[in-house]
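*Asks:* Here you go, one structure.
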Amino acid sequence: MALVVLMLALAAWGVFFENNAISIVIDGREITGPMKGAIGAGGMLVALIALICAATLLVFVVTGLGIIVLGILILFGAIGLATASPLLLTLLIPVAVVWLVVAMTGRKV
């Protein structure tokens with residue numbers, strides 16, 4: 001928040017107090033006087049609106065790319081699991097035998 005205030009203060013200082021920093025020319029004549037600051041502030045307002053629109057667009061683009069990357073990771077995980085499942089069958093058979101033994105002894109109680 002402090003950085004935002006600092007940036008706004010620097011921008012306002014550049015527009016209103018630094019007369020030589022901005023040269024606004026309309027129809028070949030340089031704007032002077034009190035309207036120079038108002039026109040400069042209007043330009044900054046247009047730039048602010050453009051930056052907000054660009055930021056909003058980037059939020060949606062980055063989110064969409066994130067969903068695509070997540071989908072690709074899930075796909076590769078499913079492919080990896082499918083290729084590893086025949087190798088895991090050797091572990092599944094002893095687990096199934098132990099499960100059956102426990103289930104048979106549990107019925108007698």
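*Asks:* Can you tell me which of (1) at pLDDT below 80; (2) at positive phi is the one Gly28 doesn't meet?
*Replies:* Status for Gly28: all satisfied but (1).
*Asks:* Now for a different question. Take the residues in the stretch 1-24 that are surrounded by fewer than 10 Cβ atoms within 10 Å (Cβ to Cβ) and assigned to a helix (DSSP H, G or I); name whichever of them is modelled with the lowest pLDDT.
*Replies:* Phe17
The values are calculated or read from the model by the stated rules, or taken from the named source; none is laboratory data. A quick note: this is a predicted structure, and the numbers were derived from the prediction, not measured. Positions of Cβ are backbone-derived with ideal geometry, glycine not excepted, and every protein chain shown enters the neighbour counts.
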